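The values are calculated or read from the model by the stated rules, or taken from the named source; none is laboratory data. Since we're looking at a predicted model, the values are computed, not measured. Counting neighbours? That spans all protein chains shown, and the Cβs are built from the backbone with ideal geometry, glycine included.
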Amino acid sequence: MFLWFVFFLILIALLLYARSGPALRSALSLPEVKRPMVIAHGNDCGNGLYPGNTLLYLHKMVELGVDGIEVDLWLTADGDLVLMHDPDLEDFSNGRGLIGDLTLAQLRELNIAYHWTRDGETYPFRDDPLGIVTIEEALQAVGDTLLILEIKSAQVRAAQVLSQMLQRTCKHNQVIVSSFHQGVIRAFRRLSPNTATGAATYEAILLYMAQLFRAENLLSPRYQTVQLPMSHFGIDVITTGTLRAARRLGLHLSVWTVNGRADLQHYISLGVDGIVTDRPDLLMVILSGRGRMIASKLSSQTR
């Protein structure tokens, strides 16, 4: 009983803290579609169609016609932001060390798709190397396609570099910026108040906790979008309650990372606003078939 009382006091304190920062209107205008947005996930380990966070991947996803592309950003030793999922170079490239310890020029010498394989036996890009991509290059590559940018670096400098780049290129209306690091996303919001952001970890937890008590109306989010995992510690995160809370707060809710057909169909039926997936091709096929099925039903009802 005492633990529940302490939990309740902590929840109230967090809710009051959340009320201190009103939601801001961003420059981003998301498409109003009666289906989840198809958001390609920048996977680097072979689960996707192409090596994620590469120019090849970006170009192919634009050609496929996805609604958005999720990429990850790391700060180099000399202050550039580059695309990559994980910081350890040995995991994906023919280099060693951490991204943050090398300059952009040094990273340019590496094949960042060296270890990419779809079957565990063949490595198609060892003879056809792919280079590191900067955030500026990524924005040029995708045209007007939405980019969801996750700042992986824990340094506030990463937020400053990204904010300056978006102001310089006038691309603040084409991105959603998120980060697991509260200090980083707080700094970015202060520097770029008109750029859409996603909920940081504690903010997402607070939203989930609030909706359990139907207390989401007490929140005043500093973010405009929420990207949540399918589950956390075995608990389903995306529920009708989570969706209700997001709708009441005017938040755009996406789920990650969904790859299986059954899971994709589940979240389509649930009515999420976006699905982040390594298999956007499969999601688009399912959505296309679902659209034809609904159209067929409507047609038969009017006969």
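Just a few scattered comments:
One line per residue, one yes/no per condition, for (1) farther than 20 Å from Leu73 by Cβ; (2) at pLDDT 95 or above; (3) not aliphatic (A, V, I, L, M):
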| site | (1), (2), (3) |
| --- | --- |
| Gly183 | no, yes, yes |
| Arg186 | no, yes, yes |
| Arg190 | no, yes, yes |
| Gly198 | no, yes, yes |
| Ile205 | yes, no, no |
| Met209 | yes, no, no |
| Phe213 | yes, no, yes |
| Leu218 | yes, no, no |
| Gln224 | no, yes, yes |
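- Complete set of residues in region 168-180 that are farther than 26 Å from Pro229 by Cα and surrounded by 14 or more Cβ atoms within 10 Å (Cβ to Cβ): Lys171
- Number of positions in region 210-263 that are assigned to a loop (DSSP other than H, G, I, E, B) and crowded, with 21+ Cβ neighbours inside 10 Å: 7
- All positions within region 204-226 that are closer than 18 Å to Ser178 by Cα and in contact with a helix residue (DSSP H, G or I) (Cβ under 8 Å, 6 or more places away or on another chain): Leu206, Leu207, Tyr208, Ser220, Pro221, Arg222, Tyr223, Val226
- If you filter region 267-303 down to residues that are over 29 Å from the mean Cα position of the chain (by Cα) and among the hydroxyl-bearing types (Ser, Thr, Tyr), you find that the one that is modelled with the highest pLDDT is Ser300.
- Region 143-172 residues that are farther than 20 Å from Val62 by Cα, paired with ones that are modelled with pLDDT under 95 and buried (at least 21 other Cβ atoms within 10 Å of the Cβ) (beta carbon under 7 Å, 6 or more apart): none
- Top-ranked residue of region 231-242 - restricted to ones that are out of contact with any helix residue (DSSP H, G or I) (no Cβ under 7 Å at 6 or more places or on another chain) and not small (Gly, Ala, Ser), ranked as farthest from Leu270 (Cα to Cα): Phe233
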